[in-house]
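Trainee: First, the structure itself, so that you have it in front of you.
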Amino acid sequence: MAPILVFLGWSARSGGLLLGVGIFVGLLVPPLAAVFRDVVTVTVATLMTLVLLRVDPVQVLGYLRRPMLVVALCGFLLLVSPVIAFGVAWATGLDGPLGAALVIMAAGCAATSSPAFARMVGLDGEVSLVVAVITTLLVPFTAPPIALGLLGIDLSISVAALMGRLCLVVLLPLAVSIVIRRIAGQERLRAFGPAVDGAVVWMVVLYGFGVMDGMLALLLADPAWVIGGVTLAFAGNFGLNILTAAVFAGQGRRLALSAGLLSGNRNMALFLAVLPTTTDARILLFFALCQFPLFLSPAMLRPLYRRIGTS
C-alpha cells in the first residue's frame, strides 16, 4: 500500500487528536493561519467534494425509506433550531452581534465533516452522512430567509445574493463529486474510503488554520470578548446537541446521540466563505470561535459516548 494511503488511513483513525492539536496550532502560529486564510473558500469546496465522494447511494436510499425521520431531523436542524436560538437570545438579553451570530449558527447545516466525526466516536455515520448532505443542499434556501428575512439580521448582503453564493459553494462540489464518481467508479471509491476520510480530516485542519487568522492578536487585545465568545460557542454547540438528542430520544439511543452531534456541530465554513467583508466583524469572529467546540467535541465526547453506550 502506498505510504500516502497509509498516512491518510492513520489520519482518519487519529482525527480527534489531529483536530484538537490543529486548532491550537492555527491559533498560536499566526503566520501559518495567515497563509491559509486566503484559501478558506477553496479548502471548504475541496472538503465538501471529498465528503460527497463518501456518499453511498445505497445508504442514502436506505434512510430515504424512512422519509419522516429524515424530514424531522432536517427540519429540526434548519428551521426549529434557529427559532429556539432566537428565543434563548431574546430571553437572556443576548442582543447585538453575538446574539445574531448564535441564531445564524443554529440556522446552519450540519458540519460537512459530521460523518467522519460520527465514525470517530462510534455513532451512526450513515444517518450523519444523509442529514449532512441534505441539510447542506437545503441551507441556501433556508438560512438566508430565516436570518435576513424572518429575524431581520443584518449581514450586509441581500437574501438573493446570499442564497446565490451558498448555492455556488454547495452545488459546484456536488457537480465535481458526481464527475469523479463516474470516472472512478463506486468500488474504487469504497476501497479508498479510509484515505478519503483522512483527507477530510486534513481539509478540516487546514480550514481551522485559516479561520484562526488574527485570533491570537484579538485574544491578546480583548481577552474578555474572546473568552465570552468561546463560552457562547461551546454553550450553543452542546446546548443544541443535548436538546436535539432529547427530542429524538424515542428513536433509539444511538440515533438520538448522532442527531445531537449533528445539531451541535454546524457548518460555519459556508458562511465564512460567502459572507462579505462588510459583515460585522464580531459575527465573523464568532463563527471562527465556533471552530473550538467543533474541533474539540470528538475528543471531548468520545469517553462520554463510550460510558453511556451507543447501542
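The values are calculated or read from the model by the stated rules, or taken from the named source; none is laboratory data. Since the model is a prediction, treat every value here as computed from it, not as a measurement. Backbone-built Cβ (ideal geometry, glycine too); neighbour counts: all protein chains shown. For accessibility, only protein heavy atoms count, side chains too; no ligands or nucleic acids. Shrake-Rupley method; radii C 1.70, N 1.55, O 1.52, S 1.80 Å.
Trainee: Condition first: basic (Lys, Arg) and part of a helix (DSSP H, G or I). Can you find one or more residues in segment 288-302 that meet it?
Mentor: Step one: filter segment 288-302 for residues basic (Lys, Arg), giving 302.
Next cut, part of a helix (DSSP H, G or I) only: 302.
Within segment 288-302, one or more residues are basic (Lys, Arg) and part of a helix (DSSP H, G or I).
Trainee: So if I check each of PHE248, PHE234, which one is over 23 Å from ASP95 (Cα atoms), modelled with pLDDT of 90 or more and crowded, with 16+ Cβ neighbours inside 10 Å? Steps first, answer last, please.
Mentor: Values: PHE234 fails: over 23 Å from ASP95 (Cα atoms).
Step by step, each of PHE248, PHE234 is checked, and only PHE248 is over 23 Å from ASP95 (Cα atoms), modelled with pLDDT of 90 or more and crowded, with 16+ Cβ neighbours inside 10 Å.
Trainee: Of the residues ALA161, ALA245, ALA233, ALA224, which is in a helix (DSSP H, G or I) and closer than 26 Å to VAL35 by Cα?
Mentor: Numbers: ALA161 fails: closer than 26 Å to VAL35 by Cα; ALA245 fails: closer than 26 Å to VAL35 by Cα; ALA224 fails: closer than 26 Å to VAL35 by Cα.
It is ALA233.
Trainee: Being free of Cβ contacts under 8 Å to residues at least 12 places away in the same chain, part of a helix (DSSP H, G or I) and closer than 18 Å to GLN291 by Cα narrows it down to one of GLY99, GLY87, GLY22, GLY75, so name that one.
Mentor: Working: GLY87 fails: closer than 18 Å to GLN291 by Cα; GLY22 fails: free of Cβ contacts under 8 Å to residues at least 12 places away in the same chain; GLY75 fails: closer than 18 Å to GLN291 by Cα.
The match here is GLY99.
Trainee: Starting from segment 111-140, keep only residues that are within 15 Å of LEU174 (Cα to Cα), then list their pairs with residues that are part of a loop (DSSP other than H, G, I, E, B) and small (Gly, Ala, Ser) whose Cβ atoms are within a distance under 9 Å, requiring at least 6 positions of separation or different chains.
Mentor: Close Cβ pairs satisfying both conditions: ALA132/ALA111; ALA132/SER113; THR135/GLY108; VAL139/GLY108.
Trainee: Among ALA256, ALA273, which is crowded, with 16+ Cβ neighbours inside 10 Å, without any contact (Cβ under 8 Å) to a residue 24 or more places away in the chain and part of a helix (DSSP H, G or I)? Break it down into steps so the answer makes sense when it comes.
Mentor: On the way: ALA273 fails: without any contact (Cβ under 8 Å) to a residue 24 or more places away in the chain.
ALA256 is the lone residue from the list that is crowded, with 16+ Cβ neighbours inside 10 Å, without any contact (Cβ under 8 Å) to a residue 24 or more places away in the chain and part of a helix (DSSP H, G or I).
One line per residue, one yes/no per condition, for (1) open to solvent by 50 Å² or more (accessible area, probe 1.4 Å); (2) touching a strand residue (DSSP E or B) at 6+ places or on another chain (Cβ under 8 Å); (3) among the β-branched types (Val, Ile, Thr); (4) modelled with pLDDT of 85 or more:
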{"site": "ASP124", "(1), (2), (3), (4)": "no, no, no, no"}
{"site": "ALA147", "(1), (2), (3), (4)": "no, no, no, no"}
{"site": "VAL170", "(1), (2), (3), (4)": "no, no, yes, no"}
{"site": "ALA184", "(1), (2), (3), (4)": "no, no, no, no"}
{"site": "GLY193", "(1), (2), (3), (4)": "no, no, no, no"}
{"site": "VAL204", "(1), (2), (3), (4)": "no, no, yes, no"}
{"site": "ILE227", "(1), (2), (3), (4)": "yes, no, yes, yes"}
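Trainee: How many residues does segment 109-119 contain that are part of a helix (DSSP H, G or I) and crowded, with 24+ Cβ neighbours inside 10 Å? First the steps, then the outcome.
Mentor: Here is the first cut: in segment 109-119, the residues part of a helix (DSSP H, G or I) are 114-119.
Still in the list and also crowded, with 24+ Cβ neighbours inside 10 Å: 114-118.
Adding up the residues that qualify gives 5.
Trainee: Scan ALA100, ALA143, ALA106 and give me the residue that is at pLDDT 80 or above and either open to solvent by 40 Å² or more (accessible area, probe 1.4 Å) or under 30 Å from ARG307 (Cα atoms) (or both). Steps first, answer last, please.
Mentor: On the way: ALA100 fails: either open to solvent by 40 Å² or more (accessible area, probe 1.4 Å) or under 30 Å from ARG307 (Cα atoms) (or both); ALA143 fails: either open to solvent by 40 Å² or more (accessible area, probe 1.4 Å) or under 30 Å from ARG307 (Cα atoms) (or both).
The unique qualifying residue is ALA106.
Trainee: A follow-up question, please. For MET212, indicate whether it is touching a Ser or Thr at 6+ places or on another chain (Cβ under 6 Å), surrounded by 14 or more Cβ atoms within 10 Å (Cβ to Cβ) and modelled with pLDDT of 75 or more.
Mentor: Details: touching a Ser or Thr at 6+ places or on another chain (Cβ under 6 Å): no; surrounded by 14 or more Cβ atoms within 10 Å (Cβ to Cβ): yes; modelled with pLDDT of 75 or more: yes.
For MET212, the condition - touching a Ser or Thr at 6+ places or on another chain (Cβ under 6 Å), surrounded by 14 or more Cβ atoms within 10 Å (Cβ to Cβ) and modelled with pLDDT of 75 or more - is not met.
So that you can scan it fast, the table gives a plain yes or no per residue for (1) within 20 Å of the chain's Cα centre (by Cα); (2) modelled with pLDDT under 85:
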| position | (1), (2) |
| --- | --- |
| ALA273 | yes, yes |
| THR278 | no, yes |
| ARG282 | yes, yes |
| PHE286 | yes, no |
| PHE292 | yes, no |
| SER297 | yes, yes |
| ARG302 | yes, yes |
| ILE308 | no, yes |
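Trainee: Checking LEU270 against (1) more than 24 Å from LEU78 (Cβ to Cβ); (2) out of contact with any Phe, Trp or Tyr (no Cβ under 9 Å at 6 or more places or on another chain); (3) not acidic (Asp, Glu), which single condition isn't satisfied?
Mentor: The failed condition is (1).
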